[in-house]
1. Collect the residues in the range 28-45 that are buried (at least 17 other Cβ atoms within 10 Å of the Cβ) and among the small types (G, A, S), keeping them in residue-number order.
2. In this structure, does I30 turn out to be modelled with pLDDT of 90 or more, over 27 Å from G91 (Cα atoms) and hydrophobic (A, V, I, L, M, F, W, C)?
3. When the residues of the range 63-103 are filtered to those that are in contact with a Phe, Trp or Tyr (Cβ under 6 Å, 6 or more places away or on another chain) and among the hydrophobic types (A, V, I, L, M, F, W, C), which remaining residue is farthest from S32 (Cα to Cα)?
4. For the subset of the range 48-97 comprising residues that are open to solvent by 60 Å² or more (accessible area, probe 1.4 Å), touching a Ser or Thr at 6+ places or on another chain (Cβ under 6 Å) and in a helix (DSSP H, G or I), which member is farthest from M21 (Cα to Cα)?
5. Does the range 38-50 contain at least one residue that is modelled with pLDDT of 95 or more, more than 11 Å from the chain's Cα centre (by Cα) and aliphatic (A, V, I, L, M)?
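The values are calculated or read from the model by the stated rules, or taken from the named source; none is laboratory data. All values derive from a computational prediction rather than experimental measurement. Don't worry about glycine lacking a Cβ; one is built from the backbone with ideal geometry, like all the others, and counts go over all protein chains shown. Remember, those area values only see protein heavy atoms, side chains included, never the ligands or the DNA or RNA. Shrake-Rupley method; radii C 1.70, N 1.55, O 1.52, S 1.80 Å.
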Amino acid sequence: MFFIDKDEQRGKDLTNLFVRMKESKIALVIFSSRYAESSWCMDELVNIKKRAEKGKLEVIPIFYKVRAKDVRAQTGKFGDKFWALAKVSSGDQIKKWKDALECISNKMGLS
């Protein structure tokens, strides 16, 4: 069984998505230049990181028209979107997002 988060009903609480993620064994994280525009995506990534660190989830990052180093360091077009989102976010939230981006983008992935 699989699910795609973009098919989830908009306006629903993220806890519904996190319940679905708890049932998952593998996560494909598809980073694009627009990924960091969404606090939803960033919060989802923090949750993925937590589950991966506990050994409950295998994560495969996919870099779609972005470089892994730009995701890792929040630079380039990816970084522009990230820092625009960060301007309207809290410091604690930004730190969690940055940690998750670094952790996940350091895994062996696909371009």
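1. S32, S33, A36
2. On the way: modelled with pLDDT of 90 or more: yes; over 27 Å from G91 (Cα atoms): no; hydrophobic (A, V, I, L, M, F, W, C): yes.
Against the criterion (modelled with pLDDT of 90 or more, over 27 Å from G91 (Cα atoms) and hydrophobic (A, V, I, L, M, F, W, C)), I30 does not qualify.
3. As a first pass, look at the range 63-103 and keep what is in contact with a Phe, Trp or Tyr (Cβ under 6 Å, 6 or more places away or on another chain): 63, 66, 70-71, 74.
If we keep only those that are among the hydrophobic types (A, V, I, L, M, F, W, C) too, we end up with 63, 66, 71.
On the way: F63: 6, V66: 6, V71: 9 Å.
So the residue we want is V71.
4. Applying the filter and picking the extreme gives K77.
5. No.
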